Amino acid sequence: MSSTEKEVSYQINNTYSTLNSIGPRTKNIWFVCHGLGYLSRYFIEYFNELNPEENYIIAPQAQSKQYLNGKFKHVGASWLTKENTLFEIENVLNYLDSVYTKEVPKNNINFIALGFSQGVSVITRWIAKRKIPCSKLIIYAGKVPHEFTTKDFEHIPSVLFIVGDQDEYISSEIIKNEEKYLDSLFGKQIEYVVFKGNHEVKRNIIAKILH
């Protein structure tokens, strides 16, 4: 006799991290999704060189935690896997909705959305499916899921794709194919930045985004 897989709905709590505070001089709110193996409280430190009076950073936390490197010491997290992906995507989007509703005021402050590595698939799905108003979308060292059309991002005026020239996960061939896809999605709205380095977040690159 074979088993039956069922589903149940229940409430879950999850954390997220913030850096700085919203005040009269705040110009930008950043919504940043970390990559595989990160925790939000560490990932958010990459943004600590931004002007603290002008920038408020929100880093959601992937729900699925695990020990890293099999040593039961350091903990990281993952947004999605190939298991029940469509089911889990909706859970993630609902969580991001909750963070956004709680943290982002309804005013004219620039809203900047950034995804790094695995976080790219999360942030782009959320921005596209929820039609989140966004001043700039930053795709950092990750691949955009091949499920979108131009209409999904018509509300996004500016897109930035960032990747290292020695990225161990994104080869030059992958970058070439990804650029074709991104050009078809964003057209003239997208700009490409290739830096010297590997699969890493560069503080100096982050600092230059606003200039």
Worksheet item: Which aspartates and glutamates, on any chain, are close to residue 188 with Cα under 17 Å apart, when same-chain ones fewer than 8 places away are left out?
Response: 152, 154, 178, 179
Response to the item:
Filtering GluC sites (Glu not before Pro) in region 1-56 by DSSP loop and by at most 11 other Cβ atoms within 10 Å leaves 5, 7
Worksheet entry | DSSP loop trypsin sites (Lys or Arg not before Pro) with at most 10 other Cβ within 10 Å: longest gap in the chain | 107-195
Worksheet item: At residue 174 and residue 94, where each label point lies 7 Å from the Cα along Cα→Cβ, what is the point-to-point distance in nanometres?
Response: 3.1
Discussion item. If the reach is capped at under 14 angstrom between alpha carbons, list the aspartates and glutamates near residue 180, excluding any in the same chain fewer than eight residues apart.
Written reply: 191
Item to complete: Rounded to the nearest Å, what's the spacing between the alpha carbon centres of region 1-71 and region 139-168? Just the number, please.
Response: 19
Item to complete: Scan region 1-31 for chymotrypsin sites (Phe, Trp or Tyr not before Pro) in coil per DSSP, keeping those whose Cβ has at most 14 other Cβ atoms within 10 Å, and list them by number.
Response: 10
Discussion item. Rounded to the nearest 20 debye, what is the charge dipole size of region 1-50 about its Cα centre when +1 sits on each Lys and Arg Cβ and -1 on each Asp and Glu Cβ?
Written reply: 240
Worksheet entry | Farthest positive-ward along the chain dipole, Cα basis, beta-carbon charges - from 187, 156, 20 | 20
Worksheet item: How much net charge surrounds residue 51 when only other residues with a Cβ under 9 Å from its Cβ are counted (Lys, Arg +1; Asp, Glu -1)?
Response: -1
Item to complete: Report the FRET efficiency, 1/(1 + (r/R0)^6), for residue 84 and residue 154, where r is their Cβ-Cβ distance and R0 is 45 Å, rounded to 0.05.
Response: 0.90
Worksheet entry | Average Cα contact separation per residue, the chain, under 8 Å, 6 or more apart, as relative contact order % | 18
Item to complete: First check a/c for region 63-113, with a ≥ b ≥ c the square roots of the eigenvalues of its C-alpha gyration tensor; if it is under 1.5, answer rounded, and if not, answer prolate when a/b is larger than b/c or oblate otherwise.
Response: oblate
Practice prompt. Could you state the accessible area per residue of the chain in Å², with a 1.4 Å probe and every protein chain left in place?
Written response: 58
Item to complete: Please report, in debye to the nearest 20, how large the charge dipole of the chain is about its Cα centre when each Lys and Arg carries +1 at its beta carbon and each Asp and Glu carries -1 there.
Response: 400
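The values are calculated or read from the model by the stated rules, or taken from the named source; none is laboratory data. Note that this is a predicted model, so its numbers are computed, not measured. When we count neighbours, we look across all protein chains shown, and the Cβ atoms used for this are built from the backbone with ideal geometry, even at glycine. The area values use the complete protein model at the heavy-atom level, side chains included, leaving out ligands, DNA and RNA. Shrake-Rupley method; radii C 1.70, N 1.55, O 1.52, S 1.80 Å.
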